[in-house]
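Encoded as structure tokens, the structure appears first; notes follow it.
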Amino acid sequence: MGHCKNLLVLLLAIFIMFAGCEKDEIEQTDNLDPFGILGKWKLETKTINGITDSSNQCCDYIDFKTDSELNDLKGEFMATGEEYETNGAFELNTLNNLIHFEFDNTQKSYEFRITDNLATFTYFENNQEVIEDWRKQE
């Protein structure tokens, strides 16, 4: 009878030990995470051919999110402002510091730089150099 009690206590201890163990789940992160692009950004300044205008940037936002594929440098974005909302996809080319946007049958590529909480996009539109500074909101 003593052996049965010891066996029962041993089995109960083993059960408690296995029931108390949690699986260590490795949280997968998107390849975009290290580049700091993900999140919501607000347009701070827009410079066209060297002339900066920060007065008209009250309501322009862009929100970069991951897509379903974690192992690439692609994601989705939503840009909003007064009288517009644009949804599309983006892809980072980190070797050339380019960001490619696809939306509404349109493709655009901008040079990009992210330092601290500031993203700078540089591109040409109508033969004019445009530099946009976006401040990270969240």
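The values are calculated or read from the model by the stated rules, or taken from the named source; none is laboratory data. The structure displayed is predicted, hence computed values, not measured ones. Glycine also receives a Cβ, built like all others from the backbone with ideal geometry; neighbour counts cover every protein chain displayed. These accessible areas exclude ligands, DNA and RNA; they are computed on the full protein's heavy atoms, side chains included. Shrake-Rupley method; radii C 1.70, N 1.55, O 1.52, S 1.80 Å.
Mind checking the dipole of segment 26-138: about its Cα centre, +1 per Lys or Arg Cβ, -1 per Asp or Glu Cβ, Debye to the nearest 20?
The dipole magnitude comes to about 280 debye.
Take the Cβ-Cβ distance between THR80 and GLN107 as r, set R0 to 30 Å, and report the resulting FRET efficiency rounded to the nearest 0.05.
According to the calculation, E is roughly 0.90.
Taking the mean number of other Cβ atoms within 10 Å as a proxy for protection, how do you rank 82-91, 40-49 from highest to lowest?
Packing proxy ranking, top to bottom: 40-49, 82-91.
Give the calculated FRET efficiency between LYS65 and GLU129 to the nearest 0.05, with a Förster radius of 30 Å applied to their Cβ-Cβ distance.
Efficiency, from the Cβ-Cβ distance: 0.55.
Counting heavy atoms of the protein chains only and a 1.4 Å probe, report the per residue accessible area for segment 85-138 as a whole number of Å².
That works out to 67 Å² for each residue.
Amide H to amide H under 5 Å from GLU76: which residues, 5+ apart in sequence or cross-chain, H placed 1.01 Å off N in plane?
The list, which skips near neighbours in sequence, is LYS65, THR66, ASP67, PHE90.
Which percent of the accessible area of segment 35-116 is formed by carbon and sulfur heavy atoms (probe 1.4 angstrom)?
Of the solvent-accessible surface of segment 35-116, carbon and sulfur hold 42 percent.
In sequence order, what are the phi-derived ³J(HN,Hα) couplings for segment 85-97 according to the Karplus relation 6.51 cos²θ - 1.76 cosθ + 1.60 with θ = phi - 60°, rounded to whole Hz, with x for glycine and proline?
8, 10, 10, x, 10, 9, 9, 8, 10, 6, 5, 10, 6
Could you please put ASP67, ASP53 in sequence from largest to smallest accessible area, using a 1.4 Å probe?
ASP53, ASP67
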